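Novice: Mind having a look at this structure? Questions to follow.
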Amino acid sequence: MSHHTFFQSMSRPANLVELLARAEGLAGWSLRELAEHLGVAVPENLRRDKGWIGQLLELALGASAGSKPEQDFPELGVELKTIPIDRQGKPLETTFISVAPLMGISGLRWEDSNVCNKLSCVLWIPILGERSIAPGERMIGQPLLWRPSAQEATLLRQDWEEIMELISLGQIQTINARLGQVLQLRPKAANSKALTQAIGPNGDIIMTLPRGFYLKIDFTRALLAQHFML
DNA sequence: GATTGATCATGC
DNA sequence: GCATGATCAATC
């Protein structure tokens, strides 16, 4: 895809085929090349711009902006995720999925959860480049449109149900990132002073750090490996 | 080197 | 504070 046609197609993708074609057209570009053609400044590091790569790809692919708890392409049923990988194809970070609800969760089913919704169909965009490589020099990899296999869906559901049961039983303080086979619960907050309500051990209300669901590295590594190395 | 808890920017 | 986008960095 030439740069000219890229700019002509900067609108929202009309369908899945168009979205995939755009994503594939970005493979091989450096983030600097993409940023320059979008008129976006390139940070020297990501310390103060942790979401820069994700936002750059959102802009390039025409994802809906905003802070709604929805998929990036609701009309296509697709969630967009950039994932940093090393030269072996191994993810360098866990993958944030969504904030965990801590109150009013009785009766919440997996099928109706944000985690299930967002993971039902993900467009993965691998970003090749370790921390020692400046953001602008990192490379965009081949995209992968993924839907969980039956086995993957079972693992995700089991972890989600186990974690949510503990939360509903007032045991959130006992949960750490080691719980879960493929999904983990960790703090997701502005800082350690940002607090939100949760259910306490005695069924009372306590203040605690907001938490988020993250995919563990081994899970995303296997997911990428199955597609790219079989 | 991998992991887990902490943190950064932004809009509303 | 909560939602989006995540990575940082102290500790194991």
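The values are calculated or read from the model by the stated rules, or taken from the named source; none is laboratory data. As the structure is a prediction and not an experimental result, all values here were calculated from the model. Cβ: placed from backbone, ideal geometry, glycine included. Neighbour counts: every protein chain shown.
Novice: Select from the stretch A:21-75 the residues that are of a type in the set (D, E) and touching a strand residue (DSSP E or B) at 6+ places or on another chain (Cβ under 6 Å) and list them in ascending order.
Specialist: A:D72
Novice: Is there a residue in the stretch A:117-139 that is more than 8 Å from DNA strand C (Cβ to nearest atom), touching a residue at least 40 places away in the same chain (Cβ under 8 Å) and under 29 Å from A:G170 (Cβ atoms)?
Specialist: yes
Novice: Can you tell me which residue in the stretch A:79-91 is farthest from A:W52 (Cα to Cα), limited to those that are surrounded by fewer than 21 Cβ atoms within 10 Å (Cβ to Cβ) and more than 7 Å from DNA strand C (Cβ to nearest atom)?
Specialist: Filtering first and then ranking leaves A:Q88.
Novice: Can I ask one more? Tell me whether the stretch A:161-172 contains one or more residues that are among the acidic types (D, E) and closer than 20 Å to A:E93 by Cα.
Specialist: No, the stretch A:161-172 contains no residue that is among the acidic types (D, E) and closer than 20 Å to A:E93 by Cα.
Novice: Among the residues in the stretch A:188-202, are any crowded, with 18+ Cβ neighbours inside 10 Å, in contact with a Pro (Cβ under 9 Å, 6 or more places away or on another chain) and not in a strand (DSSP E or B)?
Specialist: No: zero hits.
Novice: Only one residue in A:S106, A:S98, A:S64, A:S120 is modelled with pLDDT of 95 or more, surrounded by fewer than 17 Cβ atoms within 10 Å (Cβ to Cβ) and more than 12 Å from DNA strand B (Cβ to nearest atom), so which one is that?
Specialist: A:S120
Novice: Still on this model: Kindly establish whether A:L92 is in contact (Cβ under 8 Å) with a residue 24 or more places away in the chain, within 19 Å of A:L183 (Cβ to Cβ) and away from DNA strand B (no atom under 16 Å from the Cβ).
Specialist: no
Novice: Please find, among A:L59, A:L128, the residue that is among the aliphatic types (A, V, I, L, M) and either modelled with pLDDT of 95 or more or more than 16 Å from DNA strand B (Cβ to nearest atom) (or both).
Specialist: Of the residues listed, the single one that is among the aliphatic types (A, V, I, L, M) and either modelled with pLDDT of 95 or more or more than 16 Å from DNA strand B (Cβ to nearest atom) (or both) is A:L128.
Novice: Restricting attention to the stretch A:138-153, does a residue exist that is of a type in the set (S, T, Y), closer than 22 Å to A:V99 by Cα and at pLDDT 95 or above?
Specialist: no
Novice: How many of the residues in the stretch A:173-222 are more than 10 Å from DNA strand C (Cβ to nearest atom), of a type in the set (S, T, Y) and closer than 27 Å to A:S120 by Cα?
Specialist: Selection size over the stretch A:173-222: 1.
Novice: Let me ask something additional. Within the stretch A:137-155, is even one residue under 30 Å from A:A35 (Cβ atoms), among the aromatic types (F, W, Y), within 18 Å of the chain's Cα centre (by Cα) and away from DNA strand B (no atom under 12 Å from the Cβ)?
Specialist: The answer is yes; a qualifying residue exists.
Novice: In the stretch A:38-91, which residues are touching a Gly at 6+ places or on another chain (Cβ under 7 Å) and among the polar types (S, T, N, Q)?
Specialist: The answer is A:Q71, A:T82.
Novice: Report every pair of residues separated by at least 6 positions or lying on different chains whose Cβ atoms are under 8 Å apart, first residue within the stretch A:158-178 and surrounded by 14 or more Cβ atoms within 10 Å (Cβ to Cβ), second part of a helix (DSSP H, G or I) and of a type outside the set (A, V, I, L, M, F, W, C).
Specialist: Once the first residue is surrounded by 14 or more Cβ atoms within 10 Å (Cβ to Cβ) and sits in the stretch A:158-178, its partners that are part of a helix (DSSP H, G or I) and of a type outside the set (A, V, I, L, M, F, W, C) give A:L166/A:T174.
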